[in-house]
Amino acid sequence: MDEDFRLRLESAVKASRDQYLLHGARSDAKLKPLHGWVIEELREGLGKNYTLAGKTLHGGAEMKVGGRYYPKNVDVAISRDGMVIGVVSVKFVQSNYRQNKNNYFEQQLGETANLRSSDIVFGQIMLFPEPIPYFSRNSETRHTEHVTDDVIERYAKLAQDHSQHHVPEAQCMAIFLLDEERRRVLRICKRSDLPKVSAESFSLLTGKLGIYRFFEEMTAAVKAKYMKRRS
């Protein structure tokens, strides 16, 4: 991973975690730093001919995009010549992943199918802390969960089926070391930070599901879609 890219990524994730701690789980403020970061990374790859929209710490707003089955407010929209060409969805799991893992996955499948069926490129970014806090109903930490092979393999398996409308054209996953005492993100995880993840699964995080690779794939897919629509 490019060092400058890593620093920008970690800065955005740390800012997102800080917003989460400041405003709480129900606020969308936690995603604003990530939306801003995604927009800047995409702008670097796509150039000035594309318009990027999303709600960031510096302003902006979500765009409602007309899907095949229902309109959807999206995290980041990519447009050119008045046409929405691509969408990026950003999910940062903050707590209680195990009890919600199927909901996360099924929601992504539906969201992707709705937009890809409208001839829109769809990208998905999944971010996790390690360990993952598990809160009781009164918001006390009951225990912590760990990212395991099955979490990674589920999305890696999905990535094999890019030709299907329920699968994002570009998707990635990244895991960040959490200081449990201070509840803040330290950095992107190294292999030694993930005791429940095998070497094979960790290689997926730097390869098929790599976040640096995501932006290369997303920008290439958006440019190809634009040229196809023009023809």
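The values are calculated or read from the model by the stated rules, or taken from the named source; none is laboratory data. Keep in mind it's a predicted model, so treat the numbers as computed, not measured. Here the Cβ is made from the backbone with ideal geometry for all residues, glycine too, and neighbour counts use every protein chain on show. SASA here: full protein model, heavy atoms, side chains in, ligands and nucleic acids out. Shrake-Rupley method; radii C 1.70, N 1.55, O 1.52, S 1.80 Å.
Could you grab the pairs with beta carbons closer than 6 Å, sequence gap of 6+ or different chains, first residue in region 212-231 and under 24 Å from Arg8 (Cα atoms), second one outside any helix (DSSP H, G or I) and of a type in the set (D, E, K, R)?
Going by the 6 Å Cβ cut-off, the qualifying pairs are Ala221/Glu169.
Going by the conditions given, is Ala170 among the aliphatic types (A, V, I, L, M), open to solvent by less than 70 Å² (accessible area, probe 1.4 Å), under 18 Å from the mean Cα position of the chain (by Cα) and under 28 Å from Lys64 (Cα atoms)? Before the answer, list the steps.
On the way: among the aliphatic types (A, V, I, L, M): yes; open to solvent by less than 70 Å² (accessible area, probe 1.4 Å): yes; under 18 Å from the mean Cα position of the chain (by Cα): yes; under 28 Å from Lys64 (Cα atoms): yes.
When the stated conditions are applied, Ala170 passes them.
Take residues that are touching a helix residue (DSSP H, G or I) at 6+ places or on another chain (Cβ under 7 Å) and tell me which of the strands (runs of 3 or more DSSP E) falling wholly in region 78-143 contain 2 or more.
83-92, 121-130
Here is a check on your reading of the model: is Phe202 in contact (Cβ under 8 Å) with a residue 60 or more places away in the chain and among the aromatic types (Phe, Trp, Tyr)?
Details: in contact (Cβ under 8 Å) with a residue 60 or more places away in the chain: no; among the aromatic types (Phe, Trp, Tyr): yes.
Taking the combined requirement at face value, the residue does not satisfy it.
Do you know which residues across region 145-182 are outside any strand (DSSP E or B) and in contact with a helix residue (DSSP H, G or I) (Cβ under 6 Å, 6 or more places away or on another chain)?
Filtering region 145-182 down to residues outside any strand (DSSP E or B) leaves 146-169, 180-182.
Passing the criteria: Asp149, Ile152, Ala156, His165, His166, Val167, Pro168, Glu169.
Where the second residue is open to solvent by 40 Å² or more (accessible area, probe 1.4 Å) and hydrophobic (A, V, I, L, M, F, W, C) and the first is in contact (Cβ under 8 Å) with a residue 12 or more places away in the chain and over 17 Å from Phe215 (Cβ atoms) and lies in region 80-96, which pairs have Cβ atoms under 8 Å and are six or more apart or on separate chains?
If the second residue must be open to solvent by 40 Å² or more (accessible area, probe 1.4 Å) and hydrophobic (A, V, I, L, M, F, W, C), the pairs left are Val84/Met63; Gln94/Ala25; Ser95/Ala25.
Quick check on region 181-231: of everything there that is in contact with a Cys (Cβ under 8 Å, 6 or more places away or on another chain) and of a type outside the set (A, V, I, L, M), which residue is surrounded by the fewest Cβ atoms within 10 Å (Cβ to Cβ)?
Here the residue is Arg213.
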